[in-house]
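Okay, structure first, notes after.
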Amino acid sequence: MPLPISPVSPLPHLLDPGFDLPGWLQAAGQPAWRARAIRRWLHGRRAESFADMTDLPAALRTQLEAATTIWTTNVVKHQLAEDGTEKLLLGLHDGQRIECVLLRDGIRRTVCISSQVGCAMGCVFCASGLDGVVRNLTTGEIIEQLLRLARLLPADERLSHIVVMGMGEPLANLDRLLPALAAAQDPDGLGISQRRITISTVGLPPAVDRLSDLNPGYHLAVSLHAADDQLRTRLVPVNQSIGIEAVLAAADRYWEASGRRLTFEYVLLGNLNDSPEHARSLVRLLGRRAALVNVIPYNTVSGLPWEEPSDVAQTRFLDILRKAGTNVQVRRRKGARIDAACGQLRRLAASHEAAKDDHGE
Ligand code: SAH
């Protein structure tokens with residue numbers, strides 16, 4: 001039997017800032033200030049339904065219930081790994097699927113969220129883009145991921161960090177993403193400081209420049225993965241029409257606008273971009289930039305031919321960077337048992353369904 005999906009909601013999405021809640025309240029003969037109270041219930045106080053909003057007039061709760069919807073997604077799968085990582089596979093109103101993850105690291109409570117269904121960038125080692133992009137997420141759907149993940153925490157814990165490193169290319173959906181990240185900073189809601197929000201991008205120069213102009217307060221992580229254009233285009237096909245120089249120039253402009261240290265991500269693929277020569281090229285390319293290099297050992301994606309880097313190759317690569325004075329961080333693998341590398345669970349669920357269909361179940 002196919003996994004259940006939520007029905008299409010004909011009602012406006014209350015979590016979407018595009019819905020004019022103050023206007024709706026006024027039209028319903030209510031004071032507009034109640035909008036703030038309702039938002040506080042949903043974002044900060046973790047209300048699940050209108051029934052939880054006990055200080056609102058009962059009649060208003062009934063009216064809201066009839067006229068709007070709070071949740072447009074349903075939890076198709078909820079997985080918990082031994083290291084405390086939790087992963088949600090969410091069904092969207094149109095039957096699409098996205099993933100989001102809660103990571104526990106010391107006192108940090110980080111969520112990793114998706115910005116699109118699928119991805120158009122085509123990075124050859126990434127599960128999210130294997131089937132291309134389906135659509136952008138709405139602002140409400142992005143906010144819903146944050147709120148669903150926040151509700152996995154005990155009442156005395158709060159989310160501390162957001163990384164937009166799930167499915168999709170966030171800079172290809174900036175207009176929906178930015179209002180969601182603004183909502184996450186609301187002190188009445190999740191109250192996450194902007195400095196603790198990271199946007200990870202493949203590096204689309206015009207969009208990076210737009211972000212520099214609009215709001216350079218976020219921490220920017222640029223997925224580099226190679227130090228020369230030939231190899232980068234092989235790994236990140238969208239590089240073909242952009243080129244590393246343009247990516248770095250846009251990243252430098254963002255750095256100037258933000259004054260915050262940039263991060264460059266480098267997925268280490270066994271026998272592909274993990275040699276000492278690759279490490280030395282990366283050092284030369286980054287030169288004297290005050291950047292952090294985030295080395296991510298490749299997470300195996302079933303069906304793809306790439307290899308994890310050997311321990312020896314990893315150590316050698318990191319040593320060369322460190323000895324050259326580069327700031328390096330290795331992203332420890334979290335939630336491996338639950339395929340926490342984004343994009344994998346969605347494909348897994350889809351392939352199970354396909355297999356079941358094949359068998360006529
Ligand atoms: N589109 C954005 C967000 C992608 S996910 C971007 O390109 O930055 C965040 C990071 O995870 C990216 O650096 C991406 O290249 C990396 N990644 C994707 N698949 C991976 C895999 N199988 N193993 C390790 N890292 C992966």
Given charges at beta-carbon only (K, R positive; D, E negative), |dipole| of the chain in Debye: 1040 debye
Jot down the radius of gyration and Dmax of the chain, Cα atoms only, both in angstrom. 21.5, 69
Want the number for ASP131 to LEU153: 0.36 nm per residue separation, take away the alpha-carbon distance, what's left? 4.7 nm
Tell me the label-point distance for the pair SER302, ASP105, using the 7 Å Cα-to-Cβ offset, in nm and rounded to one decimal. 2.7 nm
Antiparallel versus total DSSP beta bridges in the chain: what percent is that, nearest 5? 45 percent
Return the calculated 222 nm mean residue ellipticity for the chain, to the nearest 500 deg cm²/dmol, obtained by summing -39500 (n - 2.57) across DSSP H runs with n ≥ 4 and dividing by the residue count. -10000 deg cm²/dmol
Kirkwood Rh and Cα Rg combined as Rg over Rh, evaluated for the range 21-67: 0.92
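Every read-out reported here was derived from the displayed coordinates using simple, explicitly stated rules and does not represent laboratory data. Only a predicted model underlies this, so the values are computations on that prediction, with no experimental measurement involved. When we count neighbours, we look across all protein chains shown, and the Cβ atoms used for this are built from the backbone with ideal geometry, even at glycine.
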